[in-house]
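One structure is given below, encoded as structure tokens.
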Amino acid sequence: MPVSNYLDAINAAMFEEMKRDDNVFVLGEDVGVKGGVFGATKGLYPAFGEERVIDTPLSESAIAGVAIGAAMYGMKPIAEMQYSDFMLPAVNQIISEAAKIRYRSNNDWNCPLVIRAPIGGGIHGGLYHSQCPESIFFGTPGLKIVAPSTPYDAKGLLKAAIRDEDPVLFFEHKKCYRMISGEVPEEDYIVPIGVADVKREGTDITVITYGLTVHFALKAADDLAKEGISAHILDLRSLQPLDTDAILAAARKTGKVLVLHEDNKTGGIGAEVAAIIAEQMLYELDAPIMRLASEDVPAMPISPPLEKQFMLNPEKVKDAMRKLALY
Amino acid sequence: MPVSNYLDAINAAMFEEMKRDDNVFVLGEDVGVKGGVFGATKGLYPAFGEERVIDTPLSESAIAGVAIGAAMYGMKPIAEMQYSDFMLPAVNQIISEAAKIRYRSNNDWNCPLVIRAPIGGGIHGGLYHSQCPESIFFGTPGLKIVAPSTPYDAKGLLKAAIRDEDPVLFFEHKKCYRMISGEVPEEDYIVPIGVADVKREGTDITVITYGLTVHFALKAADDLAKEGISAHILDLRSLQPLDTDAILAAARKTGKVLVLHEDNKTGGIGAEVAAIIAEQMLYELDAPIMRLASEDVPAMPISPPLEKQFMLNPEKVKDAMRKLALY
Amino acid sequence: MAANELVSQDALHRQLGLSDERLLDMYFMMVLARKYDERALLLQRAGKINFHVSGIGQEAAQVAAAFALQKNKDYFLPYYRDYGFVLAVGMTMRELMLSLFAKAGDPNSGGRQMPGHFGDKKNNIVTGSSPVTTQVPHAVGLALAAKIKKQSFVSFVTFGEGSSNQGDFHEGCNFAGVHKLPVIFMCENNQYAISVPIAKQIGEARIADRALGYGFPGHRIDGNDVFEVYRTVKEARERALRGEGPTLIEAMVYRLSPHSTSDDDLAYRTKEEVQHHWKLDGINRLREYLLQHSLLNDELEAEGLKKIQLVIDEATDFAEKAPYPRPEDAFTHVYGDEQEGSTNAGQ
Amino acid sequence: MAANELVSQDALHRQLGLSDERLLDMYFMMVLARKYDERALLLQRAGKINFHVSGIGQEAAQVAAAFALQKNKDYFLPYYRDYGFVLAVGMTMRELMLSLFAKAGDPNSGGRQMPGHFGDKKNNIVTGSSPVTTQVPHAVGLALAAKIKKQSFVSFVTFGEGSSNQGDFHEGCNFAGVHKLPVIFMCENNQYAISVPIAKQIGEARIADRALGYGFPGHRIDGNDVFEVYRTVKEARERALRGEGPTLIEAMVYRLSPHSTSDDDLAYRTKEEVQHHWKLDGINRLREYLLQHSLLNDELEAEGLKKIQLVIDEATDFAEKAPYPRPEDAFTHVYGDEQEGSTNAGQ
Ligand SMILES: Cc1ncc(C[n+]2csc(CCOP(=O)(O)OP(=O)(O)O)c2C)c(N)n1
Ligand SMILES: Cc1ncc(C[n+]2csc(CCOP(=O)(O)OP(=O)(O)O)c2C)c(N)n1
Ligand SMILES: [Mg+2]
Ligand SMILES: [Mg+2]
């Protein structure tokens, strides 16, 4: 199978879907001529022209709102937010509008919209180019949210998102763009939204995570295997809806759970995962449910020692996993 | 002690603080001449004039943003959002700005701002006049969030919020405005932010909640007492920071915990409360951690049978409490 | 009849391409909206419904605008006072009443949303919400779809003057201006946003002047003058279809009712001010014109009013008796692909 | 000397109230900013720093504006290209360099924010962020404080032309217009927002024209003409202090560098276009004027440049050697009342 990096997988998903369905179009800041500040939309402008690859004015609420209008007409917009940090001006359009269109119209209207936004840190981006905004949107029924960790999942989930009849937030980790490569089939495929994936089988401890930290956990698990600790790693892939069955199965597998994410701890996805487990299988646990997440500070600072201190990494993850194994 | 309703307690807190400190001022839609759509700012305009009780244009991002600017100068703005549903256009100002001003300036600047917003349902307000937006803001370090249930707490917490040196979201439950009365001292007092309150002592089950549902739990507890079930009820009062010690103490008291709130279940405050307990005192529990919250649908519909079905009430709460007690 | 026709020959409405019949239709449509609104206020006072937000004083502008557009072709994004508008583009009185009573058959939302929150796909009425002005970028998105898909329709969106101060107004207008999209923005400037008068909403500015900053024309017009409204919207539509881009229209009207049934307007404005504006009512003005041009007489009027009365009575009765949604319907249609019972219902 | 003074007597700068010395100061301040910027680009290319966002091409407008304001009295909300501006209102070269190297002593953020994200209370420079245009309502809030507290200062805020399309621009301007607040909005229209040219940002519109929709004056001026900038800002300040309200200024400049050190600008514009604009550079234009008026000569210039060189060398060296923040400093100052270790640090 051909190997591709995470960024190219995203690019290919858009390219193929735009070819497949001429209702699909892309809009956002610098997505056209420049091909996006990270290059995610590279090649789309020459291939599909400026009517389907639209360089918008610098106004995220309009990007979301205009996309919503077009989606209600029956088009399939893919709106790029340059950084997830900059999608906050569009929160009202996303939460008050996109999420509620089907429900409020009693199924008369719907909003098949994809919003792509790069999340996460580790690129020396400082406070406003490193954030994880998941918790802002996670409590909003009506939205779907995905956050893939591999090129395969990224491509399959983006295709599923584009074909979905409801609004999907597609959070892509910018640190994965060029750092993560993997096999991506040539044939058309989708990864269904709402289905988690076991990225590693193990017997001693379970790590439930998503995004960049999947890779930290995998790296840590390799190291820990040498110490005789066997880790089972579940990649949530979809945050909304959560794959409750897979979460419970993974937790049951070892009875010891570490929930791990880069978004800050309080109010993060990890709280919900822990709460689901504590509600549904408390008596099957062999240890308290551990969480490892970023510190509860407003955002990641840029100065190298501060960024390093703030960012999770395989070492920190390994320490937490070992601690849980030894519990 | 004099008795006052929840709305008057809020009104009195503002009145007294405006008298005490001429840096305090109020701004928002219809807060001046009309005294607010719920009457929360009644009497302030005649008492303090239009420069300190400002009827703003219909633009929430400006209300928040202008208030932030004034707060950075050293004033103490109280910004009213007419309904919490309508504060979403201001999310960028609240999360990207207010929450991060102290941190990003390394303590050089700060933002002593209060944003008041009525939350919750049960007033036949339909989708956009009934929402609980806590989860949108809960994951944002740098903000403080309070959500009082009684006139005493409302007045004391609002005063604490106004005197706080950091931004505080003050979520007042609109259904409590006239429905809930209670004793409120004449003397100046504050209720410290970050401190929960045991609203009822009990021995069989613990209910951890905040806002309107505190009253549902109290009512249910009265009924259940007749059935021989003794409920311990903790009112969080502050959501950010959470009073972790009080949460653990309340959970320990009975070993059986129901977390209860009106905001929808997935991603709500209840998830964090459950996760804290599951992380720190799993082995002291005598039952799985239960959560009772609103359904995961976009918002509360207006048609009476739908609203009734959607809204929590003392009966639904009682059923959940009994179920937990019998576990 | 012959003399009559002669008189009308060069009458204003004919010059604008409005036949006598259509003008009369327009008139009765406005009256229908007014009577609906009065009925809704009555029903609220009688405790039969909880809430109504009135459009009284704005019907002339609404209906005249609708008549300048193309039903079932153009896309409409009306705001919560636009009863006259939605009636004119195809919503029925029964449908409005079902919404007012929050009954299951309400096409707008199946009883989920407040009345006045329109949405009806079969009539190209796009679903709207309560947070003001969010519909403005939506209208731009529909116009963008028209452009991308090379379809010959316009989108038409209304909002209040207070609402024009939201960021979404600015962002939507600018986007439309850059891409020269076929969208018409019509502000119904009724001079109040709840209690806040225009002087405190926009100072000494005029909404129409904002168009200049987006590179397209803006017109402030008398919203009580149906001919001016009709002509302006019609020209804007033609302009849009020619690919010349958006138009902003500021229709000056006055909110004759309180903001809603929850509002006491005399707390912030005087009876005299309101009374003054009753004299300028656009429906009356059109009536005078019709009388002057002998297009209306006592008999025609009585007949028209009687029909309207019947329609409203029948619809009220129908909606009152219509079933509510089933309680469990509160939990459906969160997502399109949901299974029955897929939410956390019945926990 | 006497002849020299005679020549300058009715020179433009004198008419505007700028002494020879101040004009020369202004010039060298612009050069200082330019040289800082060039050094930062060099440091980035050398791998000594990660990132720089350049203000080259906008220094003339920035410094001229700063000279028309009152240091330590007015409040400043500059945007990320405003090195010339912040230097002119009191930030030192060492401070800029500390920020560029993300060192602990950086007064803007203690090394937390990207360079170009200014904030320095002692100089009335209000802390700013990356999401564009949020500072516009803040400036309005500071101006509101001036009005409520009856203080005689103005707030001055800058932003790019792309950023003027954010809702916050609209909401902030309108609020200021309604309350006639002492604020000056200056758009540095450098004709690009990253890769997107003005034609795709605002179509055929002009930012300055937007002021009309808020009821206050808007001026499009040549940002490379220091005199025009100085006069316009000065008049706007006087107007604001007289209680007449805000002014919007659109200073036409050109972004001579790529958007940032991460950008390849030749992917979307031509070398020729950039070269053309180098010829219009405002610093050069002022230099010509100074030479013409004999306010500058080779000797003075060499001396000035040498001083600048020294200042920059010294500051670079200082900042490079200055300590980084301690790792644990990443977790402080979330709240004012925090106890040491009150976050979930070290879980
Ligand atoms: C974003 C938002 N903020 C506040 C409200 C509450 N609200 C409902 S109508 C209204 C006034 C609207 O005034 P205007 O736009 O002039 O329209 P009008 O009601 O006068 O027709 C307000 C403040 C809202 N619906 N949405
Ligand atoms: C809300 C927001 N969206 C996107 C960005 C990313 N971004 C940074 S600068 C920039 C372009 C700004 O253009 P302009 O306002 O013209 O200022 P200039 O950089 O040209 O000086 C963009 C899109 C941002 N910082 N904030
Ligand atoms: Mg109005
Ligand atoms: Mg620019």
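Rule-based calculations on the coordinates, nothing more; no lab input. As the structure is a computational prediction, the values presented were derived from the model and not from experiment. Note: ideal-geometry Cβ built from the backbone for every residue, glycine included; neighbour counts use all protein chains shown.
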Nm distances between the label at residue D:244 and the same-position labels in the remaining copies, 7 Å along Cα→Cβ, shortest first? 3.6
In chain D, taking the dipole from +1 charges on Lys and Arg beta carbons and -1 charges on Asp and Glu beta carbons about the Cα centre, the listed residue (D:282, D:31, D:85) farthest towards the positive end is D:85
Compute the helix-to-body angle for B:151-163: its Cα long axis versus the longest principal axis of chain B, expressed 0 to 90° and rounded to tens. 50 degrees
Cut-off 10 angstrom, C-alpha nodes, Gaussian network model of chain B. Which of B:143, B:44, B:282 fluctuates the most? B:282
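Using only the alpha carbon atoms of the protein assembly as shown, find the Kirkwood hydrodynamic radius as the inverse mean reciprocal pair distance, in angstroms to one decimal.
32.2 Å
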Could you name the residue in chain C with the C-beta closest to the rotation axis that superposes chain C on chain D, along with the separation in whole Å? C:167, 1
Pick out, in residue order, every one of the GluC sites (Glu not before Pro) in segment B:156-248 that is DSSP loop and has at most 12 other C-beta atoms within 10 Å; say none if there are none. B:186, B:187, B:201, B:227
Per Stokes-Einstein, at 4 °C and 1.567 mPa s, what whole-number D in µm² s⁻¹ belongs to segment D:19-324, with the Kirkwood radius over Cα pairs as the hydrodynamic radius? 67 µm²/s
Could you go through segment B:109-125 in sequence order and give the Karplus-derived ³J(HN,Hα) for each residue, using 6.51 cos²θ - 1.76 cosθ + 1.60 with θ = phi - 60°, rounded to whole Hz, and x for Gly and Pro? 10, 9, 9, x, 10, 10, 10, 9, 8, x, 10, x, x, x, 10, 6, x
Along the charge dipole of chain C, pointing to its positive end and built from +1/-1 on Cβ of Lys, Arg, Asp and Glu, which listed residue (C:44, C:309, C:172) has its Cα farthest out? C:172
Other chains' Cβ within 10 Å of D:319-325 residues: what's the mean? 2
What's the tally of Lys pairs in segment B:197-326 whose alpha-carbon atoms lie under 14 angstrom apart, where the two lysines are 8 or more places apart or on different chains? 7
Taking loop as defined by DSSP and a crowding limit of 15 other beta carbons within 10 Å, which trypsin sites (Lys or Arg not before Pro) in segment B:222-280 fit? none
Those lysines that a straight Cα-Cα span of less than 21 Å connects to residue C:35, excepting residues fewer than 8 apart in one chain: C:48, C:103, C:279, C:306, C:307, C:321
With +1 on each Lys and Arg Cβ and -1 on each Asp and Glu Cβ, how big is the dipole of the protein assembly as shown about its Cα centre, in debye rounded to the nearest 20? 100 debye
With the dipole of chain B worked out from charges on the C-beta (+1 for Lys and Arg, -1 for Asp and Glu) around the Cα centre, which of B:59, B:73, B:215 lies farthest toward the positive end? B:215
Using Cα-Cα distances under 8 Å and only pairs 6 or more residues apart, what relative contact order does chain A have, in percent? 17 percent
Hits among lysines - C-alpha to C-alpha of residue D:71 under 16 Å, sequence gap 8 or more where chains match: D:121, D:122, D:234
With chain A treated as a Gaussian network of Cα nodes joined by springs under 10 Å, which of A:298, A:89, A:192 yields the largest mean-square fluctuation? A:298
Distant-in-sequence amide H partners of residue A:291 (H built 1.01 Å from N, under 5 Å): A:259
Just want to confirm a number: the relative contact order over segment D:19-324, from Cα pairs under 8 angstrom separated by 6+ residues, in percent. 22 percent
If you place +1 on the Cβ of every Lys and Arg, -1 on the Cβ of every Asp and Glu, and leave all else neutral, what size is the dipole of segment C:112-240 about its Cα centre, to the nearest 20 Debye? 600 debye
Most fluctuating residue given options B:254, B:150, B:203, as computed from a GNM of chain B linking Cα atoms under 10 Å: B:203
Treating the point 7 Å from Cα along Cα-beta-carbon as the label, what are the nm separations from residue D:298 to the other copies, to one decimal? 10.5
Per residue of segment B:240-245, in order, report the coupling 6.51 cos²θ - 1.76 cosθ + 1.60 (Karplus, θ = phi - 60°) as ³J(HN,Hα) in whole Hz, putting x for Gly and Pro. 9, x, 6, 8, 4, 4
Segment C:101-161 to segment B:84-127: how many Å between their Cα centroids? 28 Å
Straight-line reach check, residue B:19, cutoff 23 Å on alpha carbons, 8 or more apart in-chain or any other chain, hits among lysines -> B:34, B:42, B:76, B:155, B:159, D:147, D:149, D:150
Near the amide H of residue C:222, under 5 Å away, which other amide H atoms are found, from residues 5 or more places off or on another chain, if H is placed in the peptide plane? C:252
Taking the label point 7 Å from Cα along the Cα-Cβ vector, the copy-to-copy distances for residue B:181, listed from shortest in nm with one decimal, are 7.5
Using alpha-carbon pairs under 8 Å, 6+ residues apart, how would you state the relative contact order of segment A:3-183 in percent? 27 percent
J(HN,Hα) series, segment A:312-326, from Karplus relation 6.51 cos²θ - 1.76 cosθ + 1.60, nearest Hz, glycine and proline x: 5, 7, x, 5, 4, 5, 4, 4, 5, 5, 5, 4, 5, 4, 7
Helix B:269-280: inclination vs chain B longest Cα principal axis, degrees, rounded to 10, gives 60 degrees
Net charge of Cβ neighbours under 11 Å - reference residue C:60; Lys, Arg +1; Asp, Glu -1: -3
What's the average, rounded to a whole number, of partner chain beta-carbon atoms within 10 Å of each residue's beta-carbon in D:122-128? 4
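In debye to the nearest 20, how big a dipole does segment C:19-324 give about its Cα centre with +1 on each Lys and Arg Cβ and -1 on each Asp and Glu Cβ?
980 debye
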